[in-house]
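The values are calculated or read from the model by the stated rules, or taken from the named source; none is laboratory data. If you're wondering where the values come from, they're calculated on a predicted model, not measured in any experiment. Neighbour counts run over all protein chains shown; Cβ positions are idealised from the backbone, glycine included.
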Amino acid sequence: MIAAIVAELGPWSWWIAGLVLLAAEMIAPGFFLVWIGLAALAVGVLSLLFWNETFWLWQVQAILFAALAVAATFIGRRLTRRHDTTDEPFLNQRGASLVGRTATLAEPIHEGRGRIRLDDTQWRVSGPDLPVGARVKVVASNGRDLTVEEA
């Protein structure tokens, strides 16, 4: 079936496949099909050059397309890798944004566990045993729990 389609459309079959993949990228964006579409277009360019050559069988074209698609995907992902630089490095990491702040204990730290109130939230803390009202400094964050030391 593939051989019949390629034979009927000639070298343009790869151009059509590439354009269909690029159009599919616009319908389902994710910046992945672009690289596969570009690989198909590259095989299309080579097909225009080598279509009448004896070595340019559809199997050779398919293997070349697969290799180019994998290579283009890896190169494309490397080129578009995000370098998450932001002016809000702790956005959605509220606990991490509290490191370095000081607070007063709302509940004593007993056997390593207690509570502080920062802004409008009470946080579970771990640290050395201290009485209610002691000033503590947040030194680390582990998800919802904060680690404190005496300020």
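Remarks
- From 136, 60, 125, residue being surrounded by 14 or more Cβ atoms within 10 Å (Cβ to Cβ) and not in a strand (DSSP E or B): 60
- Among the candidates 85, 104, residue that is hydroxyl-bearing (Ser, Thr, Tyr) and modelled with pLDDT under 90: 85
- Residue in region 109-116 that is at pLDDT 85 or above, touching a Phe, Trp or Tyr at 6+ places or on another chain (Cβ under 8 Å), surrounded by 12 or more Cβ atoms within 10 Å (Cβ to Cβ) and not assigned by TED's automatic domain parsing to the domain that holds residue 139 present: no
- Residues that are part of a loop (DSSP other than H, G, I, E, B) and over 14 Å from residue 94 (Cα atoms) were ranked within region 108-122; the one that is nearest to the chain's Cα centre (by Cα) is 112.
Residue-by-condition table, conditions (1) surrounded by 13 or more Cβ atoms within 10 Å (Cβ to Cβ); (2) among the aromatic types (Phe, Trp, Tyr); (3) not in a helix (DSSP H, G or I):
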| site | (1), (2), (3) |
| --- | --- |
| 75 | no, no, no |
| 88 | no, no, yes |
| 96 | yes, no, no |
| 106 | yes, no, yes |
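- Only one of the numbered conditions (1) at negative phi; (2) of a type outside the set (Lys, Arg); (3) loosely packed, with under 13 Cβ neighbours inside 10 Å is violated by residue 44, and that is (3).
- For region 1-56, a residue qualifies if it is modelled with pLDDT under 90, small (Gly, Ala, Ser) and assigned to a helix (DSSP H, G or I), and the qualifying residues are 3, 4, 7, 13.
- Restricting 36, 63, 2 to residues that are without any contact (Cβ under 8 Å) to a residue 12 or more places away in the chain and either at negative phi or in contact with a Lys or Arg (Cβ under 6 Å, 6 or more places away or on another chain) (or both) narrows the list to 63.
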